[in-house]
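J.: Sharing a structure here in structure tokens format.
Derivation of every value follows stated rules applied to the coordinates shown; laboratory data play no part. Since the model is a prediction, treat every value here as computed from it, not as a measurement. Because the Cβ atoms are built from the backbone with ideal geometry, glycine has one as well, and the counts that use them run over all protein chains shown.
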Amino acid sequence: MKFVRTRWLMALVSLAASIWLMRAALKIPGIGAAGPVILSMVAFVSAVLLVAPETAFWLAEQIAKPFANLFFPSDSFKKPPVSYLLARRYRAERRFEDAVTQYENIIEFHPGERQAHEELIEVARQLGDDELVEKYTALMRRRFAVPAEARPEGA
């Protein structure tokens, strides 16, 4: 508890010093104001870091991330690119359950991919899963407003 009070007190002193230095810098004409302005910013940043220690870790991470990405590029994507290769390969190898999983992943990340819906329905028919056929046929009708004459066979 004592450490928290000390930290807050130091933050208040640092903030007061920041304000005082900035006011002093505003009175100095020209380049001579650079020193007090820089020190004022340093005092302000230290006040912020003292008030919220968890921000120090977040800030350090944000500063270090671009440099770490130079040596260890991150391959994480928020939304993977559309690729039917694996799903079609599984389908050709008659691994229908795996193909269904791949098509469902495509549909999850790219719900506008009509082709994925159609191919998933075909694979579900080959698998003999009528429930899955009905589910994705209904989903496709909702998403794409498929007219009756353009619906897949057996729908």
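J.: On a 0 to 90° scale, report how tilted helix 96-109 is relative to the longest principal axis of the chain, with both axes built from alpha carbons and the result rounded to the nearest 10.
T.: Here the helix axis deviates by roughly 40 degrees.
J.: I've got another one for you. Over the range 2-71, what is the mean sequence separation of C-alpha contacts under 8 Å (at least six apart), divided by residue count, expressed as relative contact order in percent?
T.: Details: 44 pairs, mean separation 25.0, N = 70.
Once divided by the residue count of the range 2-71, the mean separation gives 36 percent.
J.: Note the per residue figure in Å³ for the convex hull of the C-alpha positions in the range 85-150. Mind showing how you got there, number by number?
T.: Working: hull volume 5.4 nm³, N = 66.
Residue-normalised Cα hull volume stands at 81 Å³.
J.: Rounded, prolate or oblate: which fits the range 2-71 when a ≥ b ≥ c are the square roots of the eigenvalues of the alpha-carbon gyration tensor, with rounded for a/c under 1.5 and prolate only if a/b beats b/c? Could the numbers behind the result be given before it?
T.: On the way: a/c = 5.04, a/b = 1.28, b/c = 3.94.
Since a/c reaches 1.5 but b/c is at least a/b, the shape of the range 2-71 is classed as oblate.
J.: Using 0.36 nm per residue, how much length does the chain from K2 to D130 gain when fully extended, once their Cα-Cα distance is taken away? Provide the component values of the computation, followed by the final result.
T.: On the way: separation 128, 0.36 × 128 = 46.08 nm, distance 6.74 nm.
Full extension of this stretch gives 39.3 nm more.
J.: How tilted is helix 2-27 with respect to the longest principal axis of the chain? Cα atoms for both, answer in degrees (0 to 90, nearest 10).
T.: 70
J.: Oh, and also: Using 1/(1 + (r/R0)^6) with R0 = 35 angstrom and r between the beta carbons of M41 and L70, what's the FRET efficiency to the nearest 0.05? Show your work: numbers first, answer last.
T.: Values: r = 27 Å, r/R0 = 0.77.
Using R0 = 35 Å, I get an efficiency of 0.85.
J.: In degrees, nearest 10, range 0 to 90: what is the angle between the Cα axis of helix 34-51 and the longest Cα principal axis of the chain?
T.: 60
J.: Remind me, relative contact order of the range 85-150 in percent, using alpha carbon pairs under 8 angstrom and six or more residues apart? Walk me through the numbers before you get to the answer.
T.: Numbers: 51 pairs, mean separation 16.1, N = 66.
It rounds to 24 percent for the range 85-150.
J.: How large is the dipole of the chain about the Cα centre if only Lys and Arg carry +1 and Asp and Glu carry -1, each at its Cβ, rounded to the nearest 20 debye? All intermediate terms of the calculation are to be shown ahead of the outcome.
T.: Details: 20 positive and 18 negative charges, 249 e Å.
That gives a dipole near 1200 debye.
J.: Turning to a different aspect of this structure: Only Cα pairs under 8 Å and at least 6 apart count here; give the relative contact order of the chain as a rounded whole percent.
T.: Working: 105 pairs, mean separation 20.8, N = 155.
Rounded, it is 13 percent for the chain.
J.: Measure off 7 Å from each Cα along the Cα-to-Cβ vector at I31 and M10, then give the distance between these two points in nanometres to one decimal.
T.: Once both label points are built, they end up 3.5 nm from each other.
J.: Where the Cα atoms of the chain are projected onto their three principal axes, how long is each span, largest first, in whole Å?
T.: Between the extreme Cα coordinates on each principal axis of the chain lie 82, 35, 34 Å.
J.: When ranked by the protection proxy of mean other Cβ atoms within 10 Å per residue, highest first, what sequence do the peptides 42-53, 20-31, 62-73 form?
T.: Details: 42-53: 16.0, 20-31: 12.2, 62-73: 8.7.
Order by mean packing, descending: 42-53, 20-31, 62-73.
J.: For the range 129-139, in order, what is each residue's ³J(HN,Hα) by Karplus, 6.51 cos²θ - 1.76 cosθ + 1.60 with θ = phi - 60°, in whole Hz (x at glycine and Pro)?
T.: With coefficients 6.51, -1.76 and 1.60, one gets 9, 5, 5, 5, 4, 5, 4, 7, 5, 5, 4 Hz.
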